[in-house]
1. Looking at region 233-245, is at least one residue modelled with pLDDT under 95 and either open to solvent by less than 60 Å² (accessible area, probe 1.4 Å) or among the hydrophobic types (A, V, I, L, M, F, W, C) (or both)?
2. Go through region 92-148 and give me each residue that's touching a Pro at 6+ places or on another chain (Cβ under 7 Å) and in a loop (DSSP other than H, G, I, E, B).
3. Among the listed residues 60, 49, identify the single one that is closer than 19 Å to residue 5 by Cβ and either without any contact (Cβ under 8 Å) to a residue 24 or more places away in the chain or surrounded by fewer than 23 Cβ atoms within 10 Å (Cβ to Cβ) (or both).
4. Would you call residue 146 open to solvent by less than 10 Å² (accessible area, probe 1.4 Å), in contact with a strand residue (DSSP E or B) (Cβ under 6 Å, 6 or more places away or on another chain) and at pLDDT 95 or above?
5. Just the residues that are touching a Phe, Trp or Tyr at 6+ places or on another chain (Cβ under 8 Å), touching a residue at least 40 places away in the same chain (Cβ under 8 Å) and either among the β-branched types (Val, Ile, Thr) or within 19 Å of residue 238 (Cβ to Cβ) (or both), please, taken from region 163-199.
6. Applying the selection to region 75-114, what residues are buried (at least 19 other Cβ atoms within 10 Å of the Cβ), modelled with pLDDT of 95 or more and touching an Asp or Glu at 6+ places or on another chain (Cβ under 6 Å)?
7. Looking at region 246-270, which of the residues that are over 30 Å from residue 173 (Cα atoms) and of a type in the set (A, V, I, L, M) is least open to solvent (accessible area, probe 1.4 Å)?
8. Only one of (1) free of Cβ contacts under 8 Å to residues at least 40 places away in the same chain; (2) open to solvent by 10 Å² or more (accessible area, probe 1.4 Å) is not met by residue 36, so which one is it?
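The values are calculated or read from the model by the stated rules, or taken from the named source; none is laboratory data. In this text the structure is predicted, and so the values were computed from the model without any measurement. Note: ideal-geometry Cβ built from the backbone for every residue, glycine included; neighbour counts use all protein chains shown. Only protein heavy atoms, including side chains, enter the accessible area calculation; ligands, DNA and RNA are left aside. Shrake-Rupley method; radii C 1.70, N 1.55, O 1.52, S 1.80 Å.
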Amino acid sequence: MVIIATVNVNGIRAAFRRGMQGWLDARRPDVVLLQEVRATDEILADHLSSDGWHLAHEASQTKGRAGVAIASRFPMTAVRIGLGTGVTGDSGRWVEADLELPAHEGAPARTVTVVSAYIHSGTVGTPSMDEKYAFLDAVTSRLGEIAEAGGYAVVAGDVNIAHREVDIKNWKGNLKAAGFLPQERAYLDRWFDDLGWHDLGRELGGEGPGPFTWWSWRGQAFDNDSGWRIDYQLATGDLAEAAVSATVDRAATYDARFSDHAPLVVEYDL
């Protein structure tokens, strides 16, 4: 089994202070796709170097914002940074790598492309929403290229869009809010229906509602499970066939959380 996890850490330093290392030790993923790292290459390496990870990281040009990374037990044969869109605030939001999985027990060596992606939340009626749509256009284009190339690929991360009503607890109260706008949700329709990507969190996680992956730090959102499912693992058809389980590692209690997001973990029989 190959275990791939994705999680928005809400700052790698803060996540480790809150106990992320304990989750890594217990879960033992083979690949971790990180969003909102909010750190330099050196800081990221300091937190993960003791476990011998291969790392690829794109820090944001704006200090303390965004940042995406890949931590892999498998060697990386190629790394591609960003989408080259020229969109303001584009940096720190897309990194992809080709991983070389060794042959074992009669199975051939395989190359798996993994992507850590972060799409910011946006605010309705502001330039940040225009930037979100522009970045979504670029993501959609790249997803089309990867799908057309075929093979094994997973694009994962914090998309900051709940796809359907079962993906958000208070969907009626958020119909006009960023993250649940019809225009945003239409992008996911295209990814799944037109480009052929598989939403493993939903396909393997049941019909819903939930399981959710994000809850506000404020109020009783976590205790009441008033959350959003905005973290995804999207797989090409070939890789989706190898996926056997998808689990949200929701902390047992509010105090045990290392981020306001919970990791989404998928096991692949490769």
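1. No: zero hits.
2. Listed by number, the list holds a single entry, 109.
3. 49
4. No, not satisfied.
5. 168, 191, 197, 198
6. 95, 113
7. 266
8. (1)
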